[in-house]
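One structure is given below, encoded as structure tokens.
The values are calculated or read from the model by the stated rules, or taken from the named source; none is laboratory data. Note that the structure is predicted; figures quoted are calculated from it, not measured. Counting neighbours? That spans all protein chains shown, and the Cβs are built from the backbone with ideal geometry, glycine included.
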């Protein structure tokens, strides 16, 4: 998809020869410059538990990477872990066991707490199922996403408990959830408690939950068994130094396993996690390699020994006093953030985490949302939570982490930007409350047919210029939130009959803000402003012509007025099948589905373009017969898949996806007939090209290329009652439109007048109706 390659990941050639050191350094330097520095005053990771790693950890990791040791296996048993990085891992885990008030423990380093949680639940599942118990996992709805992933991987029933005003899981909730499980015949209870929620810094009452589970197990010995895992990814390197008496760890006999993340507050580089378990539990996941006879209880198997060396060095260079001083500094920074929030919004609901460097805030303006650019700079993610003051109300809370990397300058800059952001948020709410709908009947009619939704969503003011800081290609905002209104005016009668309307955000200055549009009963045309022309992937002028049945055509023009492409669309129940006709190419898109999504927790929009099969035939100079240049088989269409990214993914990324892509070249003067199955036979796609058509469902795509046209037939596979359809276009159609259609140079829209655009639009419609639907054009059975 050469003309739409932004945001589309395609395979690239493996380097034939090594690059020069200069080229490598330039490429790496460019990539590194795209990552904000830890002391960057304008971009700070306040919304995530991330910190710059300790210099000693970085140095040691770098030194030991060259040794390339593999710490496969578990080294905490008697007689194991006697040398090298395996000994350093054993010593590091013993230090952590002492930190968490454990006796003798087993465990191993992991890639992070997510892997450690998976490993812990694997142990719990095996020991409970082996004893004949049905297993259920109970946790809070605020738990880390890794818990749900682990339950899915291990095929475990998962119950998530709704958080109350305390934002934690209570003993009473666990008791009731266990009773519900017993009533359903579940006798194996696994509870995942959290010591330091990433979204609040709070800790579950681990001691109370542990006592509750032991009481249950003692009341029905053998008939009921309970397992308690503590996710201390964040709190594991915080609470021992800020609240040493907080009983979240192995001092409770009912705690069986714990996950911690040294790559968070432990100041280790990614990836470094740790799993600690009580003795005798790891044996429930022991597997013996049938070839080497080596036992292993880990999930990953091979693990980097350099990580163990770096962790050992970091623990010993800081010690308890070093970590205590860092934690105290973070608590102080947390209080500074809290003061900045209160100064920006004195009426905000402020929730400071006990003993953790996290503060949460619900802002007082209606909705409580902060501007998207502020959230992007500080990576703030809001969450709807119960108001801790009671009353049952739920509010939108933002959480702010004070990491060891946070500086006074960053806090000062954040305080100023937050104060400004709160003011802007209140102004936006006020403007949206006073404004009328942006869609008059004229513009609403345009929405029913458009493939470009700029008339009702726009790039936010100040972010329309691609060169402006903070510009995001896929960020849009509803016009009603910008305070801009779409105006329309009856211009007169169209030459083909009926009213002709013009519309723009400001008809007094129509070419400076997103677009100017012309609409009649038969077509509409839009001219983009200077910035939007740079952002558009398919031209600067778009004209949609509505034809009979389900067929419509989108014409695209470059900024200098030349014809770019015509998209003939046959609308179906699952998107559209279409032909894109260019002066020197024809592209068939089968099962194309485009959708816009409002991002969760904000007013931004993103988009997704999903196509089952894209087949392009390009004309090149000479008489070469058709040949496949590219054949990408990205997904198996015989297996169901989601047609779009989920909304949560579209918070950050646009999406373009194709099951199959085929690119064919043919000489302009070639004569003959080439059949698609023969062309595809040497490729990985195979002779049968399958696709999911918007009109006929799952189908085969057969066809031929001749000297005069491209012909494709879509034949249904699973719905015999659906008739086959044809997609066909003559080669000369694109060249004909290129020469016949009028031109309008819009590179400097300020020099245009509305009358010029109206005349251009009328002429485009007339010429297209005359020359754009030849008798040998077929799409979904619709002709002229």
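A few notes on this one:
- Residue identified as part of a helix (DSSP H, G or I) and within 33 Å of the chain's Cα centre (by Cα) among 309, 339, 313, 328: 339
- The residues on offer are 319, 301, and the sole one that is assigned to a helix (DSSP H, G or I) and at positive phi is 319.
- Complete set of residues in the stretch 539-555 that are farther than 17 Å from residue 768 by Cβ and touching a helix residue (DSSP H, G or I) at 6+ places or on another chain (Cβ under 8 Å): 540
- Selection within the stretch 733-759 - exposed (fewer than 15 other Cβ atoms within 10 Å of the Cβ) and closer than 16 Å to residue 772 by Cα: 739, 740
- Pair list, Cβ under 8 Å, 6 or more apart: the stretch 618-637 residue free of Cβ contacts under 8 Å to residues at least 24 places away in the same chain, other residue surrounded by 16 or more Cβ atoms within 10 Å (Cβ to Cβ): 636/659
- Which listed residue is touching a strand residue (DSSP E or B) at 6+ places or on another chain (Cβ under 7 Å), in contact (Cβ under 8 Å) with a residue 60 or more places away in the chain and assigned by TED's automatic domain parsing to the domain that holds residue 763, from 559, 566: 566
- Complete set of residues in the stretch 714-732 that are touching a residue at least 60 places away in the same chain (Cβ under 8 Å) and either surrounded by fewer than 18 Cβ atoms within 10 Å (Cβ to Cβ) or part of a loop (DSSP other than H, G, I, E, B) (or both): 731
- All of (1) assigned to a loop (DSSP other than H, G, I, E, B); (2) at pLDDT 95 or above hold for residue 271 with one exception: (2).
- Checked against (1) assigned to a loop (DSSP other than H, G, I, E, B); (2) under 30 Å from residue 287 (Cα atoms), residue 61 passes all but a single condition, namely (1).
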